[in-house]
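Working notes, beginning with the structure itself.
No lab work stands behind these numbers, since they all come straight from the coordinates. For clarity, every value in this text was computed on a predicted model and none was experimentally measured. With ideal geometry, Cβ positions are generated from the backbone for all residues, glycine too; neighbour counts draw on all protein chains shown.
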């Protein structure tokens, strides 16, 4: 029946379905800008390094067969039998006694000091160490790959945490008003009256020994005030739009209206603030690590690497490569943020200022 | 036209409704809160299938009265009765449920549609607000019927508001209002932001709907010609008060309030011979923050006497069905 009508071409039968195609439309609009795509690709690469750091840079092989035993992913599983061996001792053992080994692309671990026979301390870029070695003889590239993990975890983790807190509090304050609004606003003002970096430094100092998750929690819990304020303002603006009044006139539930009409139309600026926030959080993590209040020394982080460059003047590779990685990541995040904002805005027509 | 006055029981009735807003902006915030009486003891009854026009200058409280009458805002005093139920006494939940019998169409169709919702989403949401478990087939039929009613092709279903013209958007807004099968619609200057040709189409559409569906309208407007075409009765508002309420022909033939006369005289007629003697109003409309004492209109009225500045006239029946708030028989 449906087919017949359509073939007759008289009445197109309405397709009833989900609001399909919206996501596809946003993706297409986002990808149509080469800069967006470049930023996204670089960020995806960093994220990939973060997820697969142990496969990309490790002192143990990805897989190997030695003396009749097959070791799968010793770089992650770290079997006791190979505890004392690194890629090169295993390679020599394979050459002497038979078997095979598959080494990771960067055959050094992030905390592996003094690679036997190969690396010196503070060695410049070479074939074995494209990004050089640091003052303990550790491979800088390996440390950067693992440092991406700290950056991504802290960057995205803390922003997800503070976006959730900020959006929730901001939306509730604006939508319900009255006492709720006053309480939330006082909280926001209290929090934002402290300079955030010093607040985080103080909390980190009080809490002492730091882990990455602790950093996520500290940044997440101290930086939601901007998101809350922004969300509140946007919700207040959108709540006066006629389509919200129309939804009220339809008798829809206030929470439905908040969730389906008000929040989606308020999220544009908040989303942008959040992507920039990722960049901010990565910078804070690096700053804290640089100042010695971040992750404790053996854990690799870009900020750590920059600190190590202190006192090793002339070793340009200690600042250049981590610095460029940090810079490129932050630029990419900003590009993606801007691109998303434009793609999500329904009126945007692909124009960029 | 049906004689609306014949039906005794009104569909919706505003009884002595006042709406007061606190104005706390700027300098006035320092000198304490000031209050704006946007609507001042207004009473208005609308019968089933009746269209009442509501005219007046901007800021005179027309829109506020409209919103109060569909329960979107609670009056500060007075009550609104819809089909015998006092809306003002309902709990928030009950009020929300009864709102769907009353709908609103806004002036600016660009902001009355969610920019992220396709036409399909907008109307589906409205249908679902009414029948939450309508099967998909019936939903599709309903969608098609609504679009047909407002004269839009089914191909517009997948359009976003910014892809539509203003006239099309206004049709969608009307379809959304009709989706819940309301018995009363407040049309808040629905054609004021449209160009002339589109205005004519939308007015025609409203007239058709009025005839076919038997919905009651409160038609808020600037344009008196449109009011004359669509409405059975007309209420004239000045600074929050209804100053004249009469059947449309009576109002246009013999308006009894000096303010109404000034409004009428401001209408340009295309025929130069028909042009009425202009009744010029001197002065600006006074600030609603600080309305004149007595009759609100007296500082601008050429018939004003001393008593007008002391005593605000109540609405009285000057002729059958013709109410006017003036001390004099003009």
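Just need the relative contact order of the stretch A:58-132 here, percent rounded to a whole number, with Cα pairs under 8 Å and 6+ apart.
Across the stretch A:58-132, relative contact order equals 35 percent.
Between helix B:136-149 and chain B, what is the angle of the helix's C-alpha long axis to the longest principal axis, kept within 0 to 90° and rounded to the nearest 10?
Here the helix axis deviates by roughly 40 degrees.
Quickly work out the residue B:57-to-residue B:319 label distance, labels modelled 7 Å from Cα along the C-beta direction, and quote it in nm with one decimal.
With each label point 7 Å from Cα toward Cβ, the separation is 2.7 nm.
Can you give me the C-alpha center-to-center distance between the stretch B:153-225 and the stretch A:125-172, rounded to a whole angstrom?
Here the two parts' Cα centres lie 55 Å apart.
Okay, helix-only estimate at 222 nm for chain A: each DSSP H run of n ≥ 4 adds -39500 (n - 2.57), divide by all residues, round to 500 deg cm²/dmol; what do you get?
On the way: 16 runs with 222 residues, N = 353.
One gets -20000 deg cm²/dmol as the mean residue ellipticity at 222 nm.
Could you work out the relative contact order of the stretch B:4-324, using alpha carbon pairs under 8 angstrom and six or more residues apart, expressed as a whole percent? Walk me through the numbers before you get to the answer.
Working: 565 pairs, mean separation 66.0, N = 321.
Rounded, it is 21 percent for the stretch B:4-324.
Ratio of Rg to Rh for the stretch B:4-324, alpha carbon only, Kirkwood? Display every interim value, and only then the final one.
Details: Rg = 20.7 Å, Rh = 21.0 Å.
That ratio equals 0.99.
What 222 nm value per residue comes from the helices of chain B, counting each DSSP H run with n ≥ 4 as -39,500 (n - 2.57) and dividing by all residues, nearest 500 deg cm²/dmol? Working shown, then result.
Numbers: 10 runs with 98 residues, N = 330.
Dividing the helical sum by the residues of chain B leaves -8500 deg cm²/dmol.
Return the average number of partner chain Cβ atoms within 10 angstrom of each residue Cβ along peptide A:248-259. The partial results should precede the final answer.
Numbers: counts 7, 20, 16, 15, 7, 3, 2, 0, 2, 0, 0, 0.
What the average comes to for A:248-259 is 6.
Mind ranking B:312-318, B:154-160, B:12-18, B:101-107 by how tightly packed they are, going by the mean number of other C-beta atoms within 10 angstrom, highest first? Numbers along the way, then the final one.
Details: B:312-318: 15.3, B:154-160: 17.0, B:12-18: 20.4, B:101-107: 25.1.
Highest-to-lowest ranking by the protection proxy: B:101-107, B:12-18, B:154-160, B:312-318.
At each listed q (0.06, 0.07, 0.09, 0.11 Å⁻¹), what is the log10 of I(q)/I(0) that the Debye formula gives for the protein assembly as shown modelled as equal alpha-carbon point scatterers?
-0.54, -0.67, -0.90, -1.13
Just to verify a number: FRET efficiency for residue B:156 and residue B:97, C-beta to C-beta distance, R0 = 30 Å, to 0.05? Don't skip to the answer; put the middle values down first.
On the way: r = 30 Å, r/R0 = 1.01.
Given R0 = 30 Å and the Cβ-Cβ separation, E is 0.50.
As I understand it, the value is the acute angle between the Cα axis of helix B:166-178 and the longest principal axis of the Cα atoms of chain B; what does it come to in degrees, rounded to 10?
80 degrees
How big is the stretch A:171-266 in terms of Cα radius of gyration and Dmax, in angstroms?
In order Rg, Dmax, the Cα atoms of the stretch A:171-266 give 17.3, 56 Å.
Taking every DSSP beta bridge with both residues inside the protein assembly as shown, roughly what % is antiparallel (nearest 5)? Write out the running numbers ahead of the final one.
Details: 36 of 55 bridges.
So the antiparallel bridges amount to about 65 percent of the total.
Find how many whole Å separate the alpha carbon centroid of the stretch A:267-321 from the alpha carbon centroid of the stretch A:51-122.
After rounding, the separation between the Cα centres reads 29 Å.
Reported to two decimal places, what Rg/Rh ratio describes the stretch A:58-132 when computed on Cα atoms with Rh from the Kirkwood expression?
On the way: Rg = 12.7 Å, Rh = 12.9 Å.
The Rg/Rh ratio comes out at 0.98.
Can you compute the equivalent ellipsoid semi-axes for the stretch B:76-223, i.e. the square root of 5 times each eigenvalue of the Cα gyration tensor, sorted largest first and rounded to whole Å?
Values: eigenvalues 122, 83, 39 Å².
After scaling each eigenvalue by five and taking roots: 25, 20, 14 Å.
Using all Cα-Cα distances in the stretch A:235-353, what percent lands in each 5 angstrom bin from 0 up to the longest?
In whole percents, the pair-distance histogram is 2, 10, 14, 13, 12, 10, 9, 8, 8, 6, 4, 2, 1, 0, 0.
Which three extents, in angstrom, do the Cα atoms of chain A have along their principal axes, listed largest first?
81, 64, 40
On C-alpha positions alone, give me the angle between the axis of helix A:263-291 and the longest principal axis of chain A, in degrees, nearest 10.
In chain A, helix A:263-291 runs at an angle near 20 degrees to the longest axis.
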